[in-house]
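Student: Got a structure for you, questions after.
No lab work stands behind these numbers, since they all come straight from the coordinates. On a predicted model such as this, the values are computed, not experimentally measured, just so you know. Glycine also receives a Cβ, built like all others from the backbone with ideal geometry; neighbour counts cover every protein chain displayed.
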Ligand SMILES: *Cc1c(COP(=O)(O)O)cnc(C)c1O
């Protein structure tokens with residue numbers, strides 16, 4: 001018997017994050033984490049952290065972190081919004097900006113949290129098919145809509161669209177908000193950040209989880225004109241004033257300060273990615289020209305679902321998506337250290353023997 005209260009429950013199909021096994025010698029290439037530790041300055045800031053201060057509520061504006069990000073990008077503090085990972089920032093964006101009742105648009109193959117938020121917040125949406133090479137066709141986004149969001153580079157394909165294409169989408173949609181999710185932009189892409197000075201309807205969202213080696217700390221941020229940031233803050237303060245804790249604020253600011261380390265580690269990951277591309281190509285794998293810290297690969301003669309299971313048995317974790325059907329024979333492989341990629345490549349060289 002279904003209870004009456006059942007019909008008043010908000011029922012959602014949750015987002016399923018990649019698994020987080022914790023084994024001694026595993027090779028973990030399944031959630032696009034950075035293989036290198038956070039910047040040395042983060043360790044210093046952690047040692048100097050004043051635990052007595054934890055009895056107080058944090059600064060609700062997370063000023064120290066907002067200022068560090070604003071200074072880093074040459075922005076006003078009023079142009080920066082911070083949240084508990086970009087997942088939190090993006091959820092706030094969905095709540096704040098997508099209220100027209102018209103369907104919002106995003107690619108059919110993309111970050112699988114977008115449709116989850118749309119369902120959760122009762123936002124109608126339309127998934128726009130990528131072309132046969134998994135590329136965004138900008139013309140598809142010039143229709144009546146309630147807002148647009150896409151990652152650049154896209155996930156899980158790694159494909160990048162040029163800044164001019166992003167601008168075209170923003171320019172042709174002046175009546176709605178366009179969100180560019182740049183979780184992977186630091187691995188060789190060109191950021192749409194300059195567009196925020198020119199257009200009042202664009203937000204650029206980035207994260208500390210990938211290029212800044214701090215997925216566990218949960219820091220994401222949005223950059224836009226002050227008016228949009230104010231609307232975001234109003235919604236956030238109506239939800240939970242204290243989303244950012246003092247340790248996160250302090251360590252986040254320390255991470256931004258270390259530009260040299262950031263450049264060094266992202267360059268290393270890009271070099272490892274390009275080397276891995278060459279090795280995989282030699283083994284007959286097929287993939288797009290990823291500009292992120294992962295590769296989205298298939299093989300004409302192999303079942304990727306089977307390979308996923310077989311690698312897992314060797315404690316090599318990669319990501320397989322069962323949906324949509326079009327990407328069922330693909331694996332998403334995060335870029336680890338050179339040593340980790342060598343172990344993966346060695347396993348692939350002998351596969352399936
Ligand atoms: C990883 C990722 C995010 C979320 O990152 P956070 O850890 O929540 O900052 C957002 N968008 C895309 C496309 C991602 O891959």
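Student: For the chain, set up a GNM with springs between Cα atoms under 10 Å and report which of 103, 153, 14 has the largest fluctuation.
Tutor: 14
Student: Going by a ≥ b ≥ c, the root eigenvalues of the Cα gyration tensor, does region 191-279 fall in the rounded group (a/c under 1.5), the prolate group (a/b larger than b/c) or the oblate group? Show your work: numbers first, answer last.
Tutor: On the way: a/c = 2.54, a/b = 1.51, b/c = 1.68.
Oblate is the answer for region 191-279, as a/c is 1.5 or above yet b/c matches or exceeds a/b.
Student: Pop a pseudo-label 7 angstrom from the Cα along the beta-carbon direction at both residue 259 and residue 309 and give the gap in nm to one decimal.
Tutor: 5.1 nm
Student: For region 231-267 and region 190-225, what is the centre-to-centre distance using only Cα atoms, to the nearest Å?
Tutor: What the calculation gives is 11 Å, centre to centre.
Student: Using Cα pairs under 8 angstrom and six or more residues apart, how large is the relative contact order of region 195-353, in percent? Show your work: numbers first, answer last.
Tutor: Numbers: 156 pairs, mean separation 24.9, N = 159.
Computed over region 195-353, the figure is 16 percent.
Student: Next question, about the same structure. Can you classify region 51-90 as rounded, prolate or oblate using the Cα gyration tensor, where a ≥ b ≥ c are the square roots of its eigenvalues, rounded means a/c under 1.5, and otherwise it's prolate if a/b beats b/c and oblate if not? Don't skip to the end; give the middle numbers.
Tutor: Details: a/c = 2.66, a/b = 1.51, b/c = 1.77.
Judged from the Cα gyration tensor, region 51-90 comes out oblate (a/c at least 1.5, b/c at or above a/b).
Student: Separate question: Counting helices only, and only those DSSP H runs with n ≥ 4, report the 222 nm mean residue ellipticity of the chain as the sum of -39,500 (n - 2.57) divided by its residues, in deg cm²/dmol to the nearest 500.
Tutor: Values: 11 runs with 122 residues, N = 353.
Taking each H run of at least 4 residues, the total per residue is -10500 deg cm²/dmol.
Student: Rounded to the nearest 5, what % of DSSP beta bridges with both residues in region 41-258 are antiparallel? Walk me through the numbers on the way to the answer.
Tutor: Working: 8 of 21 bridges.
Taking every DSSP beta bridge with both residues in region 41-258, the antiparallel ones total about 40 percent.
Student: So, one more: Just want to confirm a number: the relative contact order over the chain, from Cα pairs under 8 angstrom separated by 6+ residues, in percent.
Tutor: 24 percent
Student: Most fluctuating residue of 171, 314, 210 in a GNM of the chain with Cα springs under 10 Å: which is it?
Tutor: Result: 314 has the largest fluctuation of those listed.
Student: Roughly speaking, what is the centre-to-centre gap between region 9-52 and region 76-133 when only Cα atoms are used, to the nearest Å?
Tutor: For region 9-52 versus region 76-133, the Cα centre distance is 23 Å.
Student: Pick out which of 30, 154, 22 has the largest mean-square fluctuation in a Gaussian network model of the chain, springs linking Cα atoms closer than 10 Å.
Tutor: Checking each option, the largest mean-square fluctuation is seen for 22.
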